[in-house]
1. Candidates (i) 0.93; (ii) 1.04; (iii) 0.98; which is the computed Cα Rg over 2.2 N^0.38 Å?
2. Based on DSSP H runs of at least 4 residues, each adding -39500 (n - 2.57), what is the mean residue ellipticity at 222 nm of the chain after dividing by all its residues, to the nearest 500 deg cm²/dmol?
3. List the residues, sorted by chain then number, that are 5 or more residues from Gln24 or on another chain and whose placed amide H is less than 5 Å from its amide H.
4. I'd like the GluC sites (Glu not before Pro) in region 57-134 restricted to DSSP loop residues with at most 12 other Cβ atoms within 10 Å, sorted by number.
5. Tell me, what ³J(HN,Hα) does each residue in region 7-19 have, in order and in whole Hz, if you take phi through Karplus 6.51 cos²θ - 1.76 cosθ + 1.60 with θ = phi - 60° and put x for Gly and Pro?
6. Using Cα springs under 10 Å in a Gaussian network model of the chain, which residue among Ala56, Ala79, Ala110 shows the largest mean-square fluctuation?
7. Cut-off 10 angstrom, C-alpha nodes, Gaussian network model of the chain. Which of Leu112, Leu54, Leu104 fluctuates the most?
8. Whole-Å semi-axes of region 33-77's equivalent ellipsoid, largest first, each the root of 5 times a Cα gyration tensor eigenvalue?
Amino acid sequence: AGRTLFPPAESFEIRRSTSGRPRQIYADDRRLVSYGVDGRFTLGIAGGRRLLGLDAPANRVVVGDESEPFVREGKNTFAKFVSRVDPQIRPGDEVLVVHENGDLLAVGRAELSAGAMADFETGMAVKARAGVDD
């Protein structure tokens with residue numbers, strides 16, 4: 001994921017806070033990631049589009065037509081609408097929410113493990129950070 005987000009041959013703009021702490025990383029005036037105070041990256045839509053280059057099912061939570069318009073608007077993804085999920089996903093991971101046809105719908109934070117997303121009929125699977133129509 002690191003090489004896909006930050007290819008070695010590409011230059012990036014690091015936007016810093018007034019104290020000098022890195023806050024966001026941009027490429028081509030698009031936000032790839034933000035750097036949280038916990039030391040973890042949070043994905044932007046541009047970063048999510050780059051991660052689509054990884055082989056499926058890496059970092060993906062897949063939903064169908066029923067929830068697609070809501071997720072695209074940046075609304076949360078619920079477990080009952082998840083059709084497939086990367087088995088490596090853990091709660092707190094940054095994930096892509098994609099349509100069954102492969103289109104990126106949103107980026108966000110996994111609230112459940114992959115197994116729970118597949119098994120549960122209730123509960124929030126992904127807390128959306130941004131939808132592609134935001």
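1. Among (i) 0.93; (ii) 1.04; (iii) 0.98, the one derived from this structure is (ii).
2. Working: 4 runs with 22 residues, N = 134.
It lands at -3500 deg cm²/dmol.
3. Long-range HN contacts for Gln24: Arg15, Tyr35.
4. Values: sites: Glu66, Glu73, Glu94, Glu100, Glu111, Glu121; in loops: Glu66, Glu73, Glu100, Glu111, Glu121.
In loop regions of region 57-134 (DSSP not H, G, I, E or B), the sparsely surrounded GluC sites (Glu not before Pro) are Glu66, Glu100, Glu121.
5. With coefficients 6.51, -1.76 and 1.60, one gets x, x, 7, 9, 9, 10, 9, 9, 8, 10, 6, 5, 8 Hz.
6. Most flexible of the set in this elastic network: Ala56.
7. Checking each option, the largest mean-square fluctuation is seen for Leu54.
8. 22, 15, 9
The values are calculated or read from the model by the stated rules, or taken from the named source; none is laboratory data. Predicted, not measured: the structure shown is a model, and the values here were computed from it. Positions of Cβ are backbone-derived with ideal geometry, glycine not excepted, and every protein chain shown enters the neighbour counts. The area values use the complete protein model at the heavy-atom level, side chains included, leaving out ligands, DNA and RNA. Shrake-Rupley method; radii C 1.70, N 1.55, O 1.52, S 1.80 Å.
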